[in-house]
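Notes for the one structure printed next.
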Amino acid sequence: MLSKFQKNEKGFTLIELLIVVAIIGILAAIAIPQFAAYRQRAFNSAATSDITNLQKSQAAFFSDWQQFGETVAAANEAAAAGAAGTDTDAILTGPGTAAAMPFVRNTNGALAIGLSNNVTLVANVEAAAAVSFIAGSKHIQGNRLYGVDSDITATYNSLGGTASVGVAHLGNGGGDLPACTANADDFTGGANSYGENWLQM
């Protein structure tokens, strides 16, 4: 009679289930911050790559025209054919399409430049002579700003916030990037608009 009430049930106990949930929670607590850090590094790498490519493009541009160029959107490219150093620089966001490719240009000519998805970039020259330039880049979802100066070979970086790099009148200083001056390291000792110093990479 007793055997009728005995059940051969199989399954997990509550303790076993709680242990499994705890293990999954520990693994998630380790993995999620690591994944976020990997994403930040990927975003920052895209910004670094684009500013390095811009630096090479500017060197080729200078060899052709003996002047550096400022960044300008394709929609404004024809209107920006005036004198360099007149704050025609624009903050560009990638990627460029055939109809909206970003350019660097001066009074002599223009050169299309490529940008990665969601990378912002700006370049400015010091004056109408345009013999020096500075440039900055930042991925919209990245946490670092990157800067280059034609007068030195180093690349600089600093912590940044959520805004794009640069300001409308970059040549006047006061924004994320310092003002551009000829034959000088414009980044050393400077800070961005978040109060973070620029450091050599």
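A few comments on the model shown:
- Linear extension gain, Gln40 paired with Asp185, 0.36 nm per residue minus alpha-carbon span: 49.4 nm
- Sequence of Asp186, Asp64, Asp149 when ordered by accessible area, the most exposed leading, probe 1.4 angstrom: Asp64, Asp186, Asp149
- List Tyr194, Tyr38, ordered by accessible area with a 1.4 Å probe, largest first: Tyr38, Tyr194
The values are calculated or read from the model by the stated rules, or taken from the named source; none is laboratory data. Keep in mind the model is a prediction, meaning the values are calculated, not measured. Side chains included, ligands, DNA and RNA excluded: accessible areas come from the protein's heavy atoms. Shrake-Rupley method; radii C 1.70, N 1.55, O 1.52, S 1.80 Å.
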